Amino acid sequence: MKPLDGLLVLEFCQFLAGPSAALRLADLGARVIKIERPDGGDIGRTLYNSNLEFDGDSTLFHSINRNKQSFAVNLKDPAEFGKIKKLIEKADVLIENFRPGVVERMGIDYASVSKINPRLIYGEITGYGNEGPWRNKPGQDLLVQSVSGITWLNGNADQPPTPFGLAIVDLFTSAHLIQGILAALVRRGITGKGAFVQVSLLESILDFQFEVITTHLNDNGALPQRSTINSAHAYLAAPYGIYATADGHIALAMGSILDLASLLDCPALLAYADRKTWFSQRDEIKQILVDHLRMQPTDYWLARLEPADYWCADVLTWTRLLQHDGFQVLNMIQQVWRTGLDTPLPTTRCPIRIDGELLLSDKGAPRVGEDTDKITTEFQLA
């Protein structure tokens, strides 16, 4: 039995943040019914992170909508909307990620649905909150990264603002929504009261930067200074970064420059005995390491550093990672199946373990409206 078995979740979401939040609840055992438009469903079905698709839907859609059911309904049709109201009466959680004002026009805003079901936990995701001059801007990951300041932390000092290569804003926002929903469910178990849980993409990515923003606020407003060489963290001293070797790359985290001098047989580093120079002269130090580390292969350097417990790592491609015993022992890949297909889709599993058990499900993403008839009969919606 999974922790959320018996919980009913209605997902009125598209794209990434909302559906990935509902996915995590499904992984934990909840029954998630994805409410979709009959004509095309979630726009995420055609949102491609490459030109790869599976059975007519993007692999991105499959990766975040597995283990769900699909109920197709026209919310503008009063008769169809009546079915949704009956589902809301039975639901434990409702999640939506529309722009401000849309759910009010649809009649599924918190004020309306809490009258139908006072015990409902209602989760809302917006781009920039419900107030202020940005409230109606599109809540898209790259755009939010850009206005949040985070793109100025990446890359070397002579490079332009550099975004992360993943939709980190959506994923952090999804995690924050789940934290709020689970906390509200605990409170409901004690008090019987429902809750209105609100998160925004901008607030989530600002929280992600809590340590560096706090430093900025307490350092007379000084801005972070990115290293010109192998920058990996604007606020950390040398040797922090990724360095080319004779056959690949090696990552060096926080550590003593003097220890590196000995372990790498690099006497030039001994000139930086004062710890303060590890930051004030970090580019000089990094340049020495750049020149030195490229002389030998990665395994040569790892064999010197790892036995001494110096924080370092090989820099793997996905091909090498997936072949490595360190990855395979995790059993991170599972096979999911779409109804009526003989070919499975391999994807990642939920990263959480409960009582030592993996949270697995082989149910793939549904087609638009695949479960409409079944749900209509089960909940007597007709």
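Amide H contacts of residue 34: 11, 69, 70, 71, each under 5 Å away and 5 or more positions distant or on a separate chain (H built 1.01 Å from N in the peptide plane; Pro and chain starts excluded). Phi angles across region 284-292 convert, under the Karplus curve 6.51 cos²θ - 1.76 cosθ + 1.60 with θ = phi - 60°, into 3J(HN,Hα) values of 5, 5, 5, 5, 4, 5, 4, 5, 7 Hz, Gly and Pro given as x. Between the beta carbons of residue 377 and residue 253, assuming R0 = 56 Å, the FRET efficiency works out to 0.50 to the nearest 0.05. Listed values for region 38-48 are Karplus-derived 3J(HN,Hα) couplings in whole Hz (6.51 cos²θ - 1.76 cosθ + 1.60, θ = phi - 60°), namely x, 9, x, x, 4, 4, x, 4, 10, 8, 9, and x replaces Gly and Pro.
Excluding same-chain neighbours fewer than eight residues apart, the aspartates and glutamates reachable from residue 286 by a Cα-Cα span under 16 Å are 158, 259, 265, 274. Can you spot the aspartates and glutamates whose alpha carbon is less than 14 Å from residue 76's alpha carbon? Ignore those fewer than 8 places along the same chain. Here the aspartates and glutamates satisfying the reach criterion relative to residue 76 are 36, 39, 104.
Matching the structure-derived volume of the Cα convex hull per residue in Å³ against the labelled list [x] 472; [y] 183; [z] 155 gives the label [y]. Say the cut-off is 22 Å between C-alpha atoms; which of 90/115; 34/363; 2/363; 68/115; 68/193; 86/193 go over it? Violating the 22 Å Cα-Cα cut-off are 68/115; 68/193.
Could you give each residue of region 129-144 its phi-based ³J(HN,Hα) in whole Hz, using Karplus coefficients 6.51, -1.76, 1.60 with θ = phi - 60°, and x for Gly or Pro? Values, residue by residue: x, 9, 10, x, x, 9, 4, 9, 5, x, x, 10, 3, 4, 5, 6 Hz.
Once both labels are positioned 7 Å from their Cα atoms along Cα-to-Cβ, the gap between residue 316 and residue 99 label points is 4.2 nm. Around the amide H of residue 198, modelled in the peptide plane, lie the amide H atoms of 124, all under 5 Å away and 5 or more residues distant in sequence or on another chain. Under a Gaussian network description of the chain, with springs only between Cα atoms under 10 Å, the residue in 95, 33, 285 that fluctuates furthest is 285.
Largest GNM mean-square fluctuation among 120, 302, 341, using the chain with Cα springs under 10 Å: 341.
Of 149, 340, 127, which is the most mobile in a GNM of the chain whose springs link Cα atoms less than 10 angstrom apart? Its mean-square fluctuation being the largest, the pick is 340.
Bear in mind that the values in this text are calculations on the coordinates, not laboratory data. Keep in mind it's a predicted model, so treat the numbers as computed, not measured. Every residue, glycine among them, receives a Cβ derived from its backbone with ideal geometry; neighbour counts consider all protein chains shown.
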